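Notes to accompany the following structure.
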Amino acid sequence: MVEVFRTNIEDEIVANAVARELGSLFPGALINFDLDDCDRILRVAGAGIVPRTITEFLARKGHQCEILE
C-alpha cells in the first residue's frame with residue numbers, strides 16, 4: 001500500500017527527521033518526501049500504513065499534513 005500526503009514541510013533537514021521518526025512508527029516502510037513538488041509530497045509505502053496516525057503525528061509536530069486522494 002502506498003499513501004501520499006500533502007505537507008507544508010519545506011526544509012530537507014526537517015523532512016529527514018520526520019522520515020526517521022515515521023520509520024520508527026512503521027518499521028520496514030519506505031518513506032520519502034518530494035519537496036520540489038508544490039504540495040511538498042510525503043510518500044509512505046508498506047504494509048499496515050495507517051494514514052490517520054501519520055496526519056496526527058505530523059500535526060503534533062506542528063506540521064500540516066493531509067492525505068491526497
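Just so you know, all these numbers are worked out from the coordinates, no wet-lab data involved. A quick note: this is a predicted structure, and the numbers were derived from the prediction, not measured. Ideal geometry is used to build each Cβ from the backbone, glycine not excepted, and the neighbour counts take in all protein chains shown.
Within the stretch 1-51, restricting attention to residues that are among the acidic types (Asp, Glu) and not in a strand (DSSP E or B), which residue is nearest to GLU66 (Cα to Cα)?
In the first step, residues of the stretch 1-51 are kept if they are among the acidic types (Asp, Glu); the result is 3, 10-12, 21, 34, 36-37, 39.
Now narrow it down to the ones that are not in a strand (DSSP E or B): 10-12, 21, 36-37, 39.
Values: GLU10: 15, ASP11: 18, GLU12: 19, GLU21: 18, ASP36: 17, ASP37: 15, ASP39: 10 Å.
Across the stretch 1-51, the extreme among qualifying residues is ASP39.
Which ones in the stretch 20-34 are at negative phi and either of a type outside the set (A, V, I, L, M, F, W, C) or in contact with a helix residue (DSSP H, G or I) (Cβ under 6 Å, 6 or more places away or on another chain) (or both)?
Hits for the stretch 20-34 are ARG20, GLU21, GLY23, SER24, PRO27, ILE31, ASN32, PHE33, ASP34.
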task: Evaluate the following for ASN8: is it closer than 15 Å to THR55 by Cβ and out of contact with any Asp or Glu (no Cβ under 8 Å at 6 or more places or on another chain)?
output: yes
field: the stretch 23-41 residues that are basic (Lys, Arg), paired with ones that are surrounded by 17 or more Cβ atoms within 10 Å (Cβ to Cβ) (beta carbon under 6 Å, 6 or more apart)
entry: ARG40/THR7; ARG40/ILE9
query: Restricting the search to the stretch 37-51, which residues are under 11 Å from the mean Cα position of the chain (by Cα) and not β-branched (Val, Ile, Thr)?
result: ARG40, LEU42, ARG43, ALA45, PRO51
